[in-house]
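Trainee: Before I ask anything, here is the structure I am working with.
Rule-based calculations on the coordinates, nothing more; no lab input. Keep in mind that what you see is a predicted model, and the values were worked out from it rather than measured. Positions of Cβ are backbone-derived with ideal geometry, glycine not excepted, and every protein chain shown enters the neighbour counts.
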Amino acid sequence: MDDPATTCVFCAIVAGRAPACTVAESALSLCILDTNPLTEGHCLVIPKRHVPWWHDMSAAETADLYCLARQVAQQLAAVYRPDFVCLYARGRRIPHTHLFLVPTFRGDPLDRYFNALEGFQETAQSRAEMAQPEALRRVAAKLRSPRAES
Ligand SMILES: [Zn+2]
């Protein structure tokens, strides 16, 4: 298996072995500009430790990462005056957790994308069963006690 310390671009940035435009830093996290921005100000917030998926971070890393994301989102809101700052987490293309922070305006590509996704949620026939109150109660019960349902 490849060692992320030598193959992961975000680990290289954290270690100072690869360039990045740093926006903010905290004890366990780093915020950098995305090199392929969707809009001006598009940032990535990453944990300093190599963790592929956000839900595998420790509680301390999670709190630190989201606190830094909140701080930068407030800066983005003050500088760009967007309708809101969109946040989403990935880790698939670069397998190191990264939160996307994107200043978002009504009708821009990201806003249209999420509107289309929400439209799909609300109208697709295949989702009709999942939207029924009994189905939603069953899923909530499954998530509250996952071992009991499996
Ligand atoms: Zn990494």
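Trainee: Less than 15 Å Cβ to Cβ from Ala116, Lys/Arg counted +1 and Asp/Glu -1: what total charge do the surrounding residues give?
Mentor: -1
Trainee: Quick one: helix 109-123 against the long Cα principal axis of the chain, what's the angle to the nearest 10°, folded into 0 to 90?
Mentor: 20
Trainee: Please give the helix 133-144 orientation as an angle from the longest Cα principal axis of the chain, in degrees from 0 to 90, rounded to the nearest 10.
Mentor: The answer is roughly 50 degrees.
Trainee: Another question, then. Using +1 on the beta carbon of Lys and Arg, -1 on that of Asp and Glu, and nothing else charged, what's the dipole of the stretch 32-132 about the Cα centre, debye to 20?
Mentor: In debye, rounded to 20, the stretch 32-132 gives about 220.
Trainee: Arranged by the count of other C-beta atoms within 10 angstrom, fewest first, what order do Cys31, Cys67, Cys8, Cys21 take?
Mentor: Cys21, Cys67, Cys8, Cys31
Trainee: Which order results if Arg92, Arg137, Arg70 are arranged by neighbouring Cβ count within 10 Å, fewest first?
Mentor: Starting with the residue having the fewest Cβ neighbours, the order is Arg92, Arg137, Arg70.
Trainee: Going by a 4.7 Å Cβ-Cβ cut-off, which cysteines of the chain have no partner at all?
Mentor: For the chain, the answer is Cys21, Cys31, Cys43, Cys67, Cys86, because their Cβ atoms have no other cysteine Cβ under 4.7 Å.
Trainee: Here's a follow-up. When the dipole is taken about the Cα centre of the stretch 107-150, and only Lys, Arg (+1) and Asp, Glu (-1) are charged at their Cβ, what size is it in debye, to the nearest 20?
Mentor: 380
Trainee: I need the phi-derived Karplus couplings for the stretch 80-96: 6.51 cos²θ - 1.76 cosθ + 1.60, θ = phi - 60°, integer Hz, Gly and Pro marked x.
Mentor: 9, 6, x, 5, 6, 9, 6, 10, 8, 10, 9, x, 7, 6, 10, x, 9
Trainee: Sorted from fewest to most neighbouring beta carbons within 10 Å, what does the list Lys48, Lys142 look like?
Mentor: Lys142, Lys48
Trainee: Using a cut-off of 12 Å between beta-carbons, work out the net charge of the residues near Ala135 (Lys and Arg +1, Asp and Glu -1, Ala135 not included).
Mentor: Net charge around Ala135: +2.
Trainee: Around Cys21, under 15 Å between beta carbons, what's the net of Lys plus Arg minus Asp minus Glu among the other residues?
Mentor: My count for the surroundings of Cys21 gives -3.
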